[in-house]
1. Which of rounded, prolate, oblate describes the stretch 87-132, given a ≥ b ≥ c as roots of the alpha-carbon gyration tensor eigenvalues and a/c under 1.5 marking rounded, otherwise prolate only if a/b is larger than b/c?
2. Hey, can you find the accessible area per residue of the stretch 19-120 for me, probe 1.4 Å, expressed in square angstrom?
3. Measuring from label point to label point, each 7 Å out along Cα→Cβ, what is the Trp65 to Gln154 span in nm?
4. Can you give me the relative contact order of the chain as a percent, contacts being Cα pairs under 8 Å and 6 or more apart?
5. Multiply the residue separation of His136 and Gln84 by 0.36 nm, subtract the distance between their alpha-carbon atoms, and state the gained length in nm to one decimal.
6. Per the 1.4 Å probe, what fraction of the accessible area of the chain, in percent, lies on carbon and sulfur atoms?
7. Among Glu35, Glu91, what's the order by accessible area (1.4 angstrom probe), most exposed first?
8. Give the calculated FRET efficiency between Glu57 and Asn94 to the nearest 0.05, with a Förster radius of 25 Å applied to their Cβ-Cβ distance.
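The values are calculated or read from the model by the stated rules, or taken from the named source; none is laboratory data. Predicted, not measured: the structure shown is a model, and the values here were computed from it. Cβ: placed from backbone, ideal geometry, glycine included. Neighbour counts: every protein chain shown. To get the accessible areas, we keep the full protein, side chains included, count just its heavy atoms, and leave off ligands, DNA and RNA. Shrake-Rupley method; radii C 1.70, N 1.55, O 1.52, S 1.80 Å.
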Amino acid sequence: MKLTKRFFLGKDDPDRITLEDVFPVGDIVFSTPFEEAGRHHRVVIEGREPFIDFLAEHIHGLTEWDRNNSYGRWVAIAPYGDDQGIEVFYEPLNKSMAAFRLLVFVLRSDLVRACDLKLSEVAHVTVTRDHITCMHESAPLPKDVGNGQIEVPQVILPPPRLN
């Protein structure tokens, strides 16, 4: 089956793998297309602006880090949408690498090892096909990864204005 390229809608895409509760605080959502067309896999990171700004300052370690393994490497970080988030591109050495493995295992271990970010001990992964949830599971942080030291700050937003 030949895949065709189309614009990926992030956490709202009809065919996606989504990882939530990646960090102990914040509303950050990671998502990737269920099936990727092209040379690179991509992960879209979305959330409220303060959290995205924090991550934008800290995730550059992904592309600067010499991963030195047989999976692949992070090759680029770019804005996603109209300041809605960040898009991170991964070039797998094995072209059949599943997007699920990239999102649930590789990205999280690299955020700890390359960026020293502190992650939640358990995240939640959802696989959605044609807007139907096919799977929703807990995904513990792999024990061999440890955890980082840099915590996403707890942002206190002002209450909404009542008119």
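1. Details: a/c = 2.35, a/b = 1.21, b/c = 1.95.
Judged from the Cα gyration tensor, the stretch 87-132 comes out oblate (a/c at least 1.5, b/c at or above a/b).
2. Numbers: 4600 Å² over 102 residues.
Result: 45 Å² of accessible area for each residue.
3. Taking the two extended label points, one gets 2.6 nm.
4. 26
5. Working: separation 52, 0.36 × 52 = 18.72 nm, distance 2.45 nm.
The span from His136 to Gln84 would gain 16.3 nm if fully extended.
6. Values: 4770 of 9420 Å².
Using a 1.4 Å probe with all protein chains present, the chain comes out at 51 percent carbon and sulfur.
7. Values: Glu35 85, Glu91 35 Å².
Largest to smallest exposure gives the sequence Glu35, Glu91.
8. Working: r = 31 Å, r/R0 = 1.24.
Efficiency for this residue pair is about 0.20.
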